[in-house]
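**Q** A single structure is presented below for examination.
Every number here is computed from the coordinates shown, using simple stated rules; none is lab data. Please read all numbers here as calculations on a predicted model, not as lab measurements. Heads up, the Cβs are rebuilt from the backbone with ideal geometry, glycines too, and the neighbour counts pull from every protein chain shown.
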Amino acid sequence: MPSLLENKVVIISGVGPGMGQAMARIAAAEGAKVGLGARNRDFIDAVAGEIRASGGEAVAVPTDVGDAGQCAALAKATADAFGRIDGLVNTAYIHGEWVTVDEADPEDWAKVFDVNCLGALRMTQAVLPAMKAAGGGAVVNVATMSQVNPFPGEGGYATAKGGLTTMTRHMAKDLGRFNIRVNATRMGWIGGKPVYDYIDRAAAGGQDRDAVIGEITARIPLGVIPPEEDCAKSVLFFLSDYAKMVTGATLDVNGGQYMAP
């Protein structure tokens, strides 16, 4: 049976220590050739090296999605290495200040919007020539549950991601004529390094570790913090041929914590 992403060329922006690196490894294991983009050169070089050591193919290009030229460089390096681009996952983000809206700095919100929403636009525009030449492709924009289930301090982050899901529908409408599909995922808690670092900090501050985890999982019907590998697979599904007739959709990936009406 063919692998999920066999013979596809996929770019993942924002390959950091959380779900991004898991997604890169899983995409490669599922048969994709992978272009990795993030600001941390050492990190993406290490992930690319691990993929190659496991028999996969990967290129790594330092990329700040706030810079259209760097987005174009990632797209070019990937297309030059592998001959085409079939898929893109826009997962690069910054969080911004953890403050309530009454204390928010509009300039901070603008920076967050520039990376989280406009960065996805820049990266998508960068891959369009290659996708058009290939006869189509798929884009996935990674958003957050916090845009529909507000979490204190995440106003700027969630607002930018809300813009991203709105942009997803417009992208799907505008790019469908090129056989390019665009979908989004709204992520909840993701059981990876960033979340477990948060739990460790809470424990170091005197809170009971099990109680902190229990407070999180009590709100999740499946009863666990969704593992990053399982979350990554839900995102990658949209790049596969199993989703060939799906575009303009938003998938909630949160263990049931938020269920869209």
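**Q** Rounded to the nearest 0.05, what FRET efficiency do residue 125 and residue 246 give with R0 = 25 Å and r taken as the Cβ-Cβ distance? Could you check? Don't skip to the end; give the middle numbers.
**A** On the way: r = 22 Å, r/R0 = 0.88.
After rounding, the FRET efficiency stands at 0.70.
**Q** What translational diffusion coefficient, in µm²/s and rounded to a whole number, does the Stokes-Einstein relation yield for region 47-137 at 4 °C and a viscosity of 1.567 mPa s, taking the hydrodynamic radius as the Kirkwood radius over Cα pairs? Kindly include the intermediate steps, with their values, before the conclusion.
**A** Numbers: Rh = 14.8 Å.
D, rounded to a whole number, is 88 µm²/s.
**Q** Hey, another quick one. Can you tell which of 24, 68, 92 shows the greatest fluctuation in a Gaussian network model of the chain with Cα springs below 10 Å?
**A** Comparing 24, 68, 92 in a Gaussian network model of the chain, the most mobile one is 68.
**Q** Let me ask something else about it. List the residues of region 146-164 whose backbone N lies under 20 Å from a point placed 7 Å from the Cα of residue 207 along the Cα-to-Cβ direction.
**A** The answer is 146-147, 149-158, whose backbone nitrogens lie closer than 20 Å to the label point.
**Q** Taking the simple approach of a point 7 Å from Cα along Cα-to-Cβ for both residue 169 and residue 222, what is their distance in nm?
**A** 2.6
**Q** Let me have the relative contact order for the chain, percent, based on Cα pairs under 8 Å that are six or more residues apart. Show your work: numbers first, answer last.
**A** Numbers: 520 pairs, mean separation 49.6, N = 261.
Relative contact order of the chain: 19 percent.
**Q** Note down the nm distance, to one decimal, between modelled labels 7 Å out along Cα→Cβ at residue 7 and at residue 46.
**A** 3.6
**Q** Counting only the backbone N, which residues of region 202-219 are under 16 Å from the spot 7 Å out from the Cα of residue 151 toward its beta-carbon?
**A** Only 202-203, 212-219 pass the distance filter.
**Q** Also, I was wondering about something else. Residue 152: net charge of surrounding residues, Cβ under 15 Å, Lys/Arg +1, Asp/Glu -1, itself excluded? Let's see the in-between values first.
**A** Working: positive: 219; negative: 97, 102, 103, 154, 215.
Taking every other residue near residue 152 into account, the sum is -4.
**Q** While we're here: Exactly which trypsin sites (Lys or Arg not before Pro) in region 14-104 are in a DSSP loop and have at most 11 other Cβ atoms within 10 Å? Write out the running numbers ahead of the final one.
**A** On the way: sites: 25, 33, 39, 41, 52, 76, 84; in loops: 39, 84.
Hits after loop and neighbour filter: nothing returned.
**Q** Please report the orientation-averaged projected area of region 1-114, defined via the convex hull of its C-alpha atoms, in nm².
**A** Over every viewing direction, the Cα hull of region 1-114 projects on average to 8.0 nm².
**Q** Okay, next question. Tell me which of 150, 68, 162 sits at the most positive position along the dipole axis of the chain, charges placed on C-beta atoms (Lys, Arg +1; Asp, Glu -1).
**A** Final value for the positive-end residue is 68.
**Q** Per residue of the chain, what 222 nm ellipticity follows from adding -39500 (n - 2.57) for every DSSP H run with n ≥ 4, rounded to the nearest 500?
**A** On the way: 9 runs with 115 residues, N = 261.
Helices in the chain give a 222 nm mean residue ellipticity of -14000 deg cm²/dmol.
**Q** Let me ask another. Give the lysines reachable from residue 8 as a straight Cα distance under 30 Å; neighbours fewer than 8 places away on the same chain don't count.
**A** 33, 76, 132, 161, 173, 193, 233, 244
**Q** With springs only between Cα atoms under 10 Å apart, run a GNM on the chain and tell me which of 11, 44, 213 wobbles the most.
**A** Between 11, 44, 213, it is 213 that shows the largest mean-square fluctuation.
**Q** In whole Å, largest first, what are the principal axis extents of the Cα atoms in region 156-216?
**A** Here the Cα extents, ordered largest to smallest, are 55, 22, 16 Å.
**Q** Also, quick follow-up: Here are a few candidate values for semi-axes √(5λ) of the Cα gyration tensor in Å: (1) 29, 21, 18; (2) 32, 26, 13; (3) 36, 20, 19. Which one was actually calculated from the structure I just gave you?
**A** This structure yields the entry labelled (1).
**Q** Find the centroid of the Cα atoms in region 9-43 and in region 188-261, then give the distance between the two in whole Å.
**A** Distance between centres, Cα-based: 19 Å.
**Q** Ok, one more. Looking at the chain as a GNM with Cα springs under 10 Å, which of 124, 217, 247 has the largest mean-square fluctuation?
**A** Most flexible of the set in this elastic network: 217.
**Q** Just to confirm the filter: which chymotrypsin sites (Phe, Trp or Tyr not before Pro) across region 51-115 are DSSP coil and have at most 16 other Cβ within 10 angstrom of their Cβ? Walk me through the numbers on the way to the answer.
**A** Values: sites: 82, 93, 98, 109, 113; in loops: 93, 98.
Those that pass, being in a loop and sparsely packed, are 98.
**Q** Over region 205-257, what is the relative contact order in whole percent, taking alpha-carbon pairs under 8 Å and six or more residues apart?
**A** Numbers: 23 pairs, mean separation 25.5, N = 53.
About 48 percent, as a whole number.
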